[in-house]
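Taking it in order: structure first as structure tokens, then the write-up.
The values are calculated or read from the model by the stated rules, or taken from the named source; none is laboratory data. On a predicted model such as this, the values are computed, not experimentally measured, just so you know. We place every Cβ from the backbone using ideal geometry, glycine too, and count neighbours over all the protein chains shown.
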């Protein structure tokens, strides 16, 4: 069999494979925004349900640190159950599509507002003792949970997942020890950062 004929067949096969891959990527790119919107919608529904559950409980007098920790655990459990979908969630967070970015901005604004409202409800009797104000605490919790999603997306085995679970446990422990400091709470001011000279 001539070598040129073999090369031609190989080139044709590579050409077909490349063409198929290109078409597959185009379909995936077209489908990605739809998937992203659905993922955001699912997260919004989860946050709204958690907000409803804990603000209703707070209205019945179930307030304080123990209930705040239970709410935090419920949020982590909702995220933890999404382990298989965590990589897709991270891809959604990094989406370049304008419509997805706008939807994410609305989700961030809504989820932070819901968190702040829940914090105010659960700590209604201790608002003056919180280490940081509810609006800033809401941002901090949202960012921390999002960071755990990123870690979960990179987990490859049970040991990796255990490390993420430990990170959540450490976050929870810090929250439990320092969320209410009362008069012992020092003012938390913005940090003025100076540019750090790099070695290159």
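Things to note:
- Top-ranked residue in the stretch 66-77 [being more than 13 Å from residue 119 (Cα to Cα) and surrounded by fewer than 16 Cβ atoms within 10 Å (Cβ to Cβ); ranked as modelled with the highest pLDDT]: 73
- Residue 129 closer than 21 Å to residue 38 by Cα, surrounded by fewer than 16 Cβ atoms within 10 Å (Cβ to Cβ) and more than 15 Å from the chain's Cα centre (by Cα): no
- Against the list (1) surrounded by 18 or more Cβ atoms within 10 Å (Cβ to Cβ); (2) within 15 Å of the chain's Cα centre (by Cα), the condition residue 143 fails is (1).
- Against the conditions (1) at pLDDT below 90; (2) touching a helix residue (DSSP H, G or I) at 6+ places or on another chain (Cβ under 9 Å); (3) more than 20 Å from residue 120 (Cα to Cα), residue 199 satisfies every one except (2).
- Considering 48, 80, 63, 35, the condition of being surrounded by fewer than 19 Cβ atoms within 10 Å (Cβ to Cβ) and under 11 Å from residue 121 (Cβ atoms) is satisfied by 63 alone.
- Restricting attention to the stretch 137-157, the residues being touching a residue at least 12 places away in the same chain (Cβ under 8 Å) and not in a loop (DSSP other than H, G, I, E, B) number 14.
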